[in-house]
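The values are calculated or read from the model by the stated rules, or taken from the named source; none is laboratory data. Here the structure is a predicted model, which means the values were calculated and not measured. Using ideal geometry, Cβ is built from the backbone for each residue, glycine included, and neighbour counts are taken over all protein chains shown.
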Amino acid sequence: MPYNKENKIAVKIDDLTVAYDYKPVLWDIDLAIPEGVLMAIVGPNGAGKSTLIKAVLDILKPIAGSVQIYGKPYKKNRSLVAYVPQKGSVDWDFPTTALDVVMMGTYGSLGWIKRPGQKEKKASLEALEKVGMLSFKNRQISQLSGGQQQRVFLARALVQNASIYFMDEPFQGVDATTEKAIINILKELRKASKTVIVVHHDLQTVPEYFDWVTFLNVKKIATGPVKDIFNDDNLTKTYGINYKVAINQ
Amino acid sequence: MNLSEYFELLISDYTLRTISIGTAILGAICGMLGSFAVLRKQSLLGDAISHAALPGIAIAFLIIESKNSTIFLIGALISGLIGTFWIRGIINKTHLKSDTALGLILSIFFGFGMLLLTYIQKLPNANQAGLESYLFGQAATLIESDVWLMAVVTGISLIILLLFWKELKILLFDPDFTKTLGFNTRFLDILITSFIVVAIVLGLQTVGVVLMSAMLLAPAAAARQWTNSLSTMIFIAALFGASSGVIGTGISASSNNLPTGPVIVIIAGVFVLVSFIFSPGRGLLFRQIRFRKNRRDLQLHKTLSFMYNIAKNHENISHPHAIRILNNFQGFTKKSLKELEDHNYIKLQGNMWSMTETGYHKAANLYNQITKTHE
């Protein structure tokens, strides 16, 4: 569903500030992300892109600020949110299979102690099929390629059956085929009125993949529709003086 | 006493049976909980905790002024926990890395513990304390109530493990994701760490402060080699741990004056060594064999396709060529040539080789086949 003015706000971030020491990593971020957009978060290394996602998801404690998911505090509406962490954040030599990892996406809705059953297994197999990994379901995860591991992570988020998806560099270290496969799934999610927020590095593909973009460099530089704000002016403000990129629109 | 006499005694002798059951249970719980420590990359935590327990034992003796292993355990538990929380505090609040924090706490607590031990030895009632046995452990001091305590703790941790299986598994694999699902990762973390501390404290009397961490890590490290499933790994680790306990006790009982703790640890080490070499999937031996075989197959195939490229330029594919034109080709050996002949891919005649019909077809489809089978 393309964005129009009547869309609800899916994620609202106010005055979010994060600091590890004295130097802020994120400073006073205000952001209203409308429902149904496919949004890229772009910015140079150290701009706080991953930190923004982690602070929104309460993995990191912010110094100040608030996050609302469909008008309620994140902790109340946690079940509406799915998360794809950076692939490198886990140890892929962990003794488990691809299907097992995807099943972990169902743990949240199961709650404490209750074990996944047939229903959860079926949903997980479907998610594996969607990302084209069904034939690898019993494969030990260390034997998967980088692109396949990324697909497994995506399947784990899909099985969460959320409304909002936060993804931390899902295209990192994957080949062109996997990148295309992933972007197709993201576009399908958007078609189903889901909101997808992606930390993204490849500026060349922003106009092709995304309809919404946020420029970030510790502070928020700009946010809005790609066609309106993805320009040299904002890129220069974010990445530094004389930054030019060929935008093939 | 030899080993078979030991097994007879195991059935008839009450003390030996108690000790064997004790070390078996200890090995099992250490293997089980050690799997968590290994997978969380907290292998050194066990070492730090066990060393941190020493001053607690000494202080417990100074307070009650007599020997009581239960009170000693409580002392060990308290100082072990204090050590653990200090380590976590250092990691969270300073820029020091975890290995530095572990090393610091380990040596400072151990040093303080040794200081107290020296002081205690100068006291008039020092002889009855027997505190130095906590350094390297003394399984012979195990009595029935100790074994019961171990059994109860093992039972409780098994129940906790089964109850929170799903939560602990996901915490091990991906703590950040676990948090976003709404699970209290702090609670789970404290739960599993507390059980590791309890297992270590239980083992101090038997294996001792210095060697305890090996008891925790060795069975888990060995078990990881044999399986790619978490539940199987924990089961095998418990099995290896229990076997190390029983076998170690047996060897130490059947030969005069061999200390039980070190023998148990050495047996656990043998399990690790054997697993690292002989396990089918990850073991060094089979990996090396697979690697060699793959390399040889590829060399064979590459030689064949090199020959194919020569042969296909001739009208008659079986036109003979001199062997020496292969000499500069990497991967070509006399042996591989012989092997190709055995497969009926080529024919050898004196210093000449020629391709057969079979070899020609094989080589033509080679690249497709290799990429297909390795997909």
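Among (1) in a helix (DSSP H, G or I); (2) surrounded by fewer than 16 Cβ atoms within 10 Å (Cβ to Cβ), which single condition is B:Leu96 missing?
Every condition holds for B:Leu96 apart from (1).
Given (1) at pLDDT 95 or above; (2) over 16 Å from the mean Cα position of the chain (by Cα); (3) not aromatic (Phe, Trp, Tyr), where does A:Ile9 come up short, assuming only one miss?
For A:Ile9, the failing item is (1).
Any idea how many residues of segment B:132-147 are acidic (Asp, Glu) and either surrounded by fewer than 18 Cβ atoms within 10 Å (Cβ to Cβ) or modelled with pLDDT under 85 (or both)?
Kept after step one, since they are acidic (Asp, Glu), are these residues of segment B:132-147: B:132, B:144, B:146.
Going one step further and asking which of them are either surrounded by fewer than 18 Cβ atoms within 10 Å (Cβ to Cβ) or modelled with pLDDT under 85 (or both), we end up with B:132, B:144.
Number of matching residues: 2.
Return only the number of the condition from (1) under 49 Å from the mean Cα position of the chain (by Cα); (2) among the aliphatic types (A, V, I, L, M); (3) more than 21 Å from B:Asn365 (Cα to Cα) that B:Leu298 does not satisfy.
Result: B:Leu298 passes all but (3).
In the set B:Ile325, B:Ile310, which member is at pLDDT below 80 and either in a strand (DSSP E or B) or aliphatic (A, V, I, L, M) (or both)? Quick ask: steps written out before the conclusion?
Working: B:Ile310 fails: at pLDDT below 80.
Only one candidate passes the filter, namely B:Ile325.
If only one of B:Gly75, B:Gly80, B:Gly113, B:Gly34 is in the same structural domain as B:Thr232 (by TED's automatic domain parsing), buried (at least 22 other Cβ atoms within 10 Å of the Cβ) and closer than 27 Å to B:Gly250 by Cβ, which one is it? Walk me through it before giving the result.
Numbers: B:Gly75 fails: closer than 27 Å to B:Gly250 by Cβ; B:Gly80 fails: closer than 27 Å to B:Gly250 by Cβ; B:Gly113 fails: closer than 27 Å to B:Gly250 by Cβ.
Only one candidate qualifies: B:Gly34.
Output the qualifying pairs, or none if there are none: Cβ atoms under 6 angstrom, residues six or more apart or on different chains, first residue in segment A:73-94 and more than 10 Å from every other protein chain (Cβ to nearest Cβ), second residue in a loop (DSSP other than H, G, I, E, B) and of a type in the set (A, V, I, L, M, F, W, C).
Hits for this filter: A:Leu80/A:Ala162.
Examine segment A:146-153 for a residue that is among the hydrophobic types (A, V, I, L, M, F, W, C), under 20 Å from the mean Cα position of the chain (by Cα) and either assigned to a strand (DSSP E or B) or more than 10 Å from chain B (Cβ to nearest Cβ) (or both), and state whether such a residue exists. Even if it seems obvious, please write down each step before you answer.
Residues of segment A:146-153 that are among the hydrophobic types (A, V, I, L, M, F, W, C), as a first pass: A:152-153.
Of the ones still in play, those that are also under 20 Å from the mean Cα position of the chain (by Cα) are A:152-153.
Next cut, either assigned to a strand (DSSP E or B) or more than 10 Å from chain B (Cβ to nearest Cβ) (or both) only: A:152.
Yes - at least one qualifying residue is present in segment A:146-153.
For segment B:207-215, check the following and say yes or no: at least one residue is at the interface with chain A (Cβ under 10 Å from one of its Cβ atoms), within 29 Å of A:Ser142 (Cβ to Cβ) and in a helix (DSSP H, G or I). Lay out the reasoning, then the answer.
First, the residues of segment B:207-215 that are at the interface with chain A (Cβ under 10 Å from one of its Cβ atoms): none.
Within segment B:207-215 (the criterion being at the interface with chain A (Cβ under 10 Å from one of its Cβ atoms), within 29 Å of A:Ser142 (Cβ to Cβ) and in a helix (DSSP H, G or I)), the answer is no, since none of the residues qualifies.
In segment B:173-188, which residues are part of a helix (DSSP H, G or I), in contact with a helix residue (DSSP H, G or I) (Cβ under 8 Å, 6 or more places away or on another chain) and more than 7 Å from chain A (Cβ to nearest Cβ)?
Narrowing segment B:173-188 to residues part of a helix (DSSP H, G or I): B:173, B:175-180, B:185-188.
Filter once more, so that each one left must be in contact with a helix residue (DSSP H, G or I) (Cβ under 8 Å, 6 or more places away or on another chain): B:173, B:175-180, B:185, B:188.
Of everything in segment B:173-188, those that are part of a helix (DSSP H, G or I), in contact with a helix residue (DSSP H, G or I) (Cβ under 8 Å, 6 or more places away or on another chain) and more than 7 Å from chain A (Cβ to nearest Cβ) turn out to be B:Pro175, B:Thr178, B:Thr185, B:Leu188.
Determine whether segment B:41-53 contains at least one residue that is modelled with pLDDT under 90, under 25 Å from the mean Cα position of the chain (by Cα), not acidic (Asp, Glu) and not in a helix (DSSP H, G or I).
yes
Mind listing whichever residues of segment A:58-68 are at negative phi and within 12 Å of chain B (Cβ to nearest Cβ)? Working first, answer last.
First pass over segment A:58-68, keeping only residues at negative phi: A:59-64, A:66-68.
Listed by number, the residues that qualify are A:Ile59, A:Leu60, A:Lys61.
Taking only pairs six or more apart or across chains, which ones have beta-carbon atoms under 7 Å, a first residue in segment A:96-107 that is at negative phi and without any contact (Cβ under 8 Å) to a residue 60 or more places away in the chain, and a second residue that is assigned to a helix (DSSP H, G or I) and of a type in the set (Lys, Arg)?
A:Val101/A:Arg156; A:Val102/A:Arg156; A:Met103/A:Lys121; A:Met104/A:Arg156; A:Gly105/A:Arg156; A:Tyr107/B:Lys166
Looking at segment A:114-137, which of its residues are in contact with a helix residue (DSSP H, G or I) (Cβ under 7 Å, 6 or more places away or on another chain) and closer than 23 Å to A:Asp175 by Cβ?
Across segment A:114-137, the qualifying residues are A:Ala127, A:Leu128, A:Lys130, A:Val131, A:Gly132, A:Met133, A:Leu134, A:Phe136, A:Lys137.
From A:Lys219, A:Lys130, grab the single residue that is over 22 Å from A:Tyr70 (Cβ atoms), touching a residue at least 60 places away in the same chain (Cβ under 8 Å), of a type in the set (D, E, K, R) and surrounded by fewer than 20 Cβ atoms within 10 Å (Cβ to Cβ).
Details: A:Lys130 fails: touching a residue at least 60 places away in the same chain (Cβ under 8 Å).
Only one candidate passes the filter, namely A:Lys219.
Take segment B:148-164 and flag every residue that is assigned to a helix (DSSP H, G or I) and either surrounded by 20 or more Cβ atoms within 10 Å (Cβ to Cβ) or in contact (Cβ under 8 Å) with a residue 24 or more places away in the chain (or both).
Answer for segment B:148-164, where residues must be assigned to a helix (DSSP H, G or I) and either surrounded by 20 or more Cβ atoms within 10 Å (Cβ to Cβ) or in contact (Cβ under 8 Å) with a residue 24 or more places away in the chain (or both): B:Leu149, B:Met150, B:Ala151, B:Val153, B:Thr154, B:Ser157, B:Leu158, B:Ile160, B:Leu161.
Would you point out the residue of segment B:218-253, among those that are in contact with a Ser or Thr (Cβ under 9 Å, 6 or more places away or on another chain), polar (S, T, N, Q) and within 19 Å of B:Thr23 (Cβ to Cβ), that is modelled with the highest pLDDT?
Checking each candidate, the answer is B:Ser244.
Residue-by-condition table, conditions (1) touching a Lys or Arg at 6+ places or on another chain (Cβ under 7 Å); (2) touching a residue at least 40 places away in the same chain (Cβ under 8 Å); (3) within 30 Å of A:Pro73 (Cβ to Cβ):
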site	(1), (2), (3)
B:Phe173	no, no, yes
B:Thr178	no, no, yes
B:Thr185	yes, no, yes
B:Ile192	no, yes, yes
B:Gly203	no, yes, no
B:Leu216	no, yes, no
B:Ala220	no, yes, no
B:Leu230	yes, yes, no
B:Ala237	no, yes, no
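When you go through A:Tyr239, A:Tyr243 one by one, which is the residue that is touching a Leu at 6+ places or on another chain (Cβ under 9 Å), surrounded by fewer than 19 Cβ atoms within 10 Å (Cβ to Cβ), at pLDDT below 95 and of a type in the set (Phe, Trp, Tyr)?
Values: A:Tyr239 fails: surrounded by fewer than 19 Cβ atoms within 10 Å (Cβ to Cβ).
On inspection, the qualifying residue turns out to be A:Tyr243.
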